[in-house]
Amino acid sequence: MAHSRTSYVCLPCRASYKQVYGSRADERRCPRCAGVLIHAGSAFAAPPRRDAAAWRTLTLLLSAGIGFHKSCCGGPGYRPRSRHEVRERKLYARRSGEPLARALLHRDVPWERTAR
């Protein structure tokens with residue numbers, strides 16, 4: 001039986017680890033700082049450690065509960081990659097009343113719905 005591997009992330013260390021996915025009684029810990037690892041999903045690709053802006057964006061996504069899980073079509077779908085894209089979607093969420101976690105997943109922000 002094949003075990004699926006998924007990514008777990010330590011945001012303070014800017015590190016990602018592939019581990020076998022499954023239920024474990026203990027929390028997964030970062031081997032560098034011993035902090036709790038966050039489950040990012042099997043379709044996650046970590047940005048370079050030196051790319052601080054990408055890690056800030058990733059922190060916002062994971063904190064909002066948005067992971068990088070494979071769907072039936074092969075990938076996790078759209079995720080913002082820059083601070084500009086995040087700001088644009090946060091503004092849209094504030095103006096439209098749509099939950100931030102859902103607004104962050106829009107490839108194109110549907111401004112026409114909120115324009116008056």
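The values are calculated or read from the model by the stated rules, or taken from the named source; none is laboratory data. The structure presented is a predicted model; accordingly, all values stated were derived computationally and were not measured. Glycine also receives a Cβ, built like all others from the backbone with ideal geometry; neighbour counts cover every protein chain displayed. Side chains are part of the model used for accessible areas, which takes the heavy atoms of the whole protein and leaves out ligands, DNA and RNA. Shrake-Rupley method; radii C 1.70, N 1.55, O 1.52, S 1.80 Å.
Near ALA43, within a Cβ-to-Cβ distance under 10 Å, what is the net charge of the other residues, with Lys and Arg +1 and Asp and Glu -1? Could you put the intermediate results ahead of the total?
On the way: positive: LYS70, ARG79; negative: none.
Once all neighbours under 10 Å are counted, the net charge is +2.
Of the peptides 7-20, 27-40, how do they stack up when ordered by the mean number of other Cβ atoms within 10 Å, highest first? Show your work: numbers first, answer last.
On the way: 7-20: 16.7, 27-40: 14.1.
Packing proxy ranking, top to bottom: 7-20, 27-40.
Round to the nearest 10 and report in Å² the accessible area of LEU62, as given by a 1.4 Å probe over the protein chains' heavy atoms.
Counting only protein heavy atoms, LEU62 exposes about 20 Å² to solvent.
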